[in-house]
Amino acid sequence: MNIKYTSADGRMTFTVDGETPKDLFREIAEFQSVFEFADTCGCCHSDNVRFNYRVVDDNAYYSLRCLDCTAEFKFGQHKKGDGLFPKLKDEDGKLLENRGWSIWKGAGTSAPAPAQRQAAQSRGAGTPPRPTASQVGHGPPPHAPTDDSEVGF
């Protein structure tokens with residue numbers, strides 16, 4: 001049996017094949033977890049979000065990229081199979097800030113979200129708050145990944 005599925009925002013339509021309702025459910029859930037995960041940036045809340053794919057040193061990286069503030073949301077790859085999953089937690093299992101979105105600002109740092117910068121400015125602080133531990137180190141630069149953990153090695 002098959003079913004035609006249209007994404008929540010109406011931009012994508014695909015056909016799902018399966019032998020049972022469970023098969024169809026699993027396929028739709030996998031599609032939704034990747035392609036319907038975020039329609040707005042977690043940092044600036046813009047809807048100017050695009051899919052991003054790059055290969056560095058034979059490693060493939062999948063992410064969403066905000067074209068307004070350059071924030072990135074990364075997807076991990078399952079070690080077995082060919083699936084992707086949204087990366088919502090850090091290495092310690094704690095939820096990432098900004099729903100997993102971060103703005104890359106150089107080795108070992110990520111910029112705080114615009115809301116954090118705005119809060120600091122409204123408090124009269126001269127500089128925005130320093131990145132939290134969960135923001136530091138997230139987001140390899142587009143030209144050099146920091147390790148192979150994202151691609152399931």
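Under the simplified labelling scheme, the L67-Y53 pair shows an inter-label distance of 1.8 nm, with each label point 7 Å from Cα along Cα→Cβ.
FRET efficiency for the pair K87 and R11, taken as 1/(1 + (r/R0)^6) with r the Cβ-Cβ distance and R0 = 22 Å, rounds to 0.45. Which cross-chain or sequence-distant (5 or more) residues have an amide H under 5 Å from the amide H of G76, H modelled 1.01 Å from N in plane? Amide H to amide H, under 5 Å and 5 or more residues apart or across chains, G76 pairs with F85, K87.
FYI, it's all coordinate maths here, none of it is from the lab. Small disclaimer: the values here were computed from a predicted structure and weren't measured. In this analysis, Cβ positions are derived from the backbone assuming ideal geometry, glycine residues included, and neighbour counts consider all displayed protein chains.
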